[in-house]
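**Student:** The structure is given below, and queries will be raised subsequently.
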Amino acid sequence: MNELDVLKRFRDDVPEPSTDAWLRARAAIEAARAETSERPTQLGAGRRSTPRYRRRLVVVGFGVAVAVIAVGAALATDKQSPSAPVARSDSAGRNAVRPNASVVRTRLIDALSGEKDTIFYTQSSTEVPGQPTRTGEEWDYPWNGQPGQVVRQAGSGSVEGTVQNKWSLTFTVPAEGATNNGGETTGVACNVAGQRIDVDYANQTWQSSEQSCVTLTPGLDTDEFVDPTTHQPVSNIKALVADGLLRVVGYPTIEGQSTVELKSNTRGATTLELWVNASTYLPVRSMNTSPTGDPNPGKTSTTVDRYSFLSPTQANLASLQVTVPAGFREIASSQKG
Amino acid sequence: MEREDRTIPTPPRKSLEDPQSFEAAFRANFQHVHRFLARRVGSALADDLAAETFAVAFRRRETFDPSLGEVRAWLFGIATNLLHAHWREEQHLLALEARIVSEPGPPTTESDDEPLARWVAPHLARALGLLSQDQRDVLLLHAWADLSNEEIASALGVPAGTIRSRLSRARAELRDYLGAFDFDRWLFDEKSAPTLEDRE
């Protein structure tokens, strides 16, 4: 007996592929075939014009269609949310292989983890009935900062198009395990010497401060979600996806991009819909709906975030600089977070 | 960096373009490909990856050249390439399995086959987790897919000499790790074993 003999026995008891696995594979092949507009493989070329062939074609075609529909239905309900930002049918992608939640989950996590030297740009808009629309922008560079790397973040908030505040934050990503609350898991790291500048346009003041707790994976915040199993808040979409709390609900095209639409599986009034690019699996847009509570009970707040991954050009990096307008008064610094 | 000792020619257009051949290849190989994937990343992900393997194979079927090897090897090559996107899941699974608490002690007789395999599994998981992706691919294609060096070379598009050296190194590393494991007495010296944590 040697190491190969031992290895051959390892995990030797995996189950055989289920009927569903066979059906799923056949559906994937059919989808690939449809891309190239070819005839079914099961049928011989020499019998193409006979009535019997045509009957078989109908039967096989029906069987394949049932399989595809069954598999498709099991994986996702291709429904369009009436409140989705843009939800027109993706005719170009109709025949493409449509990834299920498991594939989307792993690829989205890989995509989010894989983006390194890019600026993550978020443009958000929040609406509450009867209240002015609030918009915001945020730049984060680099997205997925590595331990020891300096990360810069900047953002602004506006009401009805009028800028209310701007801010910037610079910090060095702590070494793994150096923070007191497991940043990799929670997305938040504390004991960090973050330098923050806040500019208040309404009061024409500005303030510099130290911020000890920072968000390592900014944007995509999902604090209001509670994992029904662990009863812990879910800090960001990466965790939400990793925990299997998003399900695939459709494959719409948004602004010319084929996307996969995911919806939160969490209970309660708060919902999140996320659209990821069907090729890169990077997030394109999200829509977060939650009750406003006091002081506006019974109302629903809807926030739509649009995401872009920008190259770190000089022009783009300039967005990370917050300049204090002349004449603004500095107020005493403080420690935040 | 390993020296490439020969160039793999671009496969000419051949055989799987015939629809019946593809169907036959699917019927004959799906189970084996699925099983290989399930052993590496678990059954749930294997369902997706096996389906994707055959969808990719269908799209690229004109690039399959039977003169370079069996269709089985070609399919395992596609499956292995797809697995590369799931390195983290595979590592995670190995890490979990490596942490499984073993029986209080190894079975006392070699005829006691099943408990023996169960007892050694965490150690093997840890050992596999320490291998590089290239080494693990070659080792598992050899051990689990029963591919020869030439078939692995054809499947991965890598010269056979490179495959031989990768397999040799992978087996040596496995032996080094399991060196703490006495095959004759079925005892494992935990203290001399490296840990997986650095590779996760």
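**Student:** Hey, among A:ARG134, A:ARG152, which residue is touching a residue at least 60 places away in the same chain (Cβ under 8 Å) and of a type in the set (Lys, Arg)?
**Tutor:** On the way: A:ARG134 fails: touching a residue at least 60 places away in the same chain (Cβ under 8 Å).
Within the list A:ARG134, A:ARG152, the selection yields A:ARG152.
**Student:** When you scan segment A:121-155, how many residues do you find that are assigned to a strand (DSSP E or B) and either within 16 Å of A:THR289 (Cα to Cα) or among the charged types (D, E, K, R) (or both)?
**Tutor:** Applying the first criterion (assigned to a strand (DSSP E or B)) to segment A:121-155 yields A:121-127, A:134-141, A:150-155.
Now restrict to residues that are either within 16 Å of A:THR289 (Cα to Cα) or among the charged types (D, E, K, R) (or both): A:124-127, A:134-135, A:137-138, A:140, A:152.
Qualifying residue count, segment A:121-155: 10.
Conditions (1) more than 14 Å from chain A (Cβ to nearest Cβ); (2) assigned to a helix (DSSP H, G or I); (3) modelled with pLDDT under 90; (4) out of contact with any strand residue (DSSP E or B) (no Cβ under 8 Å at 6 or more places or on another chain), marked per residue:
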residue	(1), (2), (3), (4)
B:ARG6	yes, no, yes, yes
B:ARG13	yes, no, yes, yes
B:SER21	no, yes, yes, yes
B:PHE30	no, yes, no, yes
B:ARG35	no, yes, no, yes
B:ALA50	no, yes, no, yes
B:ALA57	no, yes, no, yes
B:LEU93	no, yes, yes, yes
B:PRO107	no, no, yes, yes
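**Student:** Pairs needed: first member in segment B:125-142, within 23 Å of B:ILE100 (Cα to Cα); second member anywhere, acidic (Asp, Glu); C-beta distance under 8 Å; at least 6 residues apart or different chains.
**Tutor:** That search, which allows pairs on different chains as well, returns B:ALA125/B:GLU97; B:ALA127/B:GLU173; B:GLY129/B:GLU200; B:LEU130/B:GLU173; B:LEU131/B:GLU173.
**Student:** Find the residue count for segment A:190-214, including only residues that are within 13 Å of A:VAL322 (Cα to Cα), within 31 Å of the chain's Cα centre (by Cα) and not charged (D, E, K, R).
**Tutor:** 3
**Student:** So, A:VAL249, is that one crowded, with 21+ Cβ neighbours inside 10 Å and either at pLDDT below 85 or farther than 17 Å from A:THR135 by Cα (or both) or not? Let's see the steps before the verdict.
**Tutor:** On the way: crowded, with 21+ Cβ neighbours inside 10 Å: no; either at pLDDT below 85 or farther than 17 Å from A:THR135 by Cα (or both): yes.
For A:VAL249, the condition - crowded, with 21+ Cβ neighbours inside 10 Å and either at pLDDT below 85 or farther than 17 Å from A:THR135 by Cα (or both) - is not met.
The values are calculated or read from the model by the stated rules, or taken from the named source; none is laboratory data. These numbers were taken from a predicted model, which means no experiment stands behind them. Cβ coordinates were reconstructed from backbone atoms using ideal geometry, including for glycine residues, and neighbour counts include every protein chain displayed.
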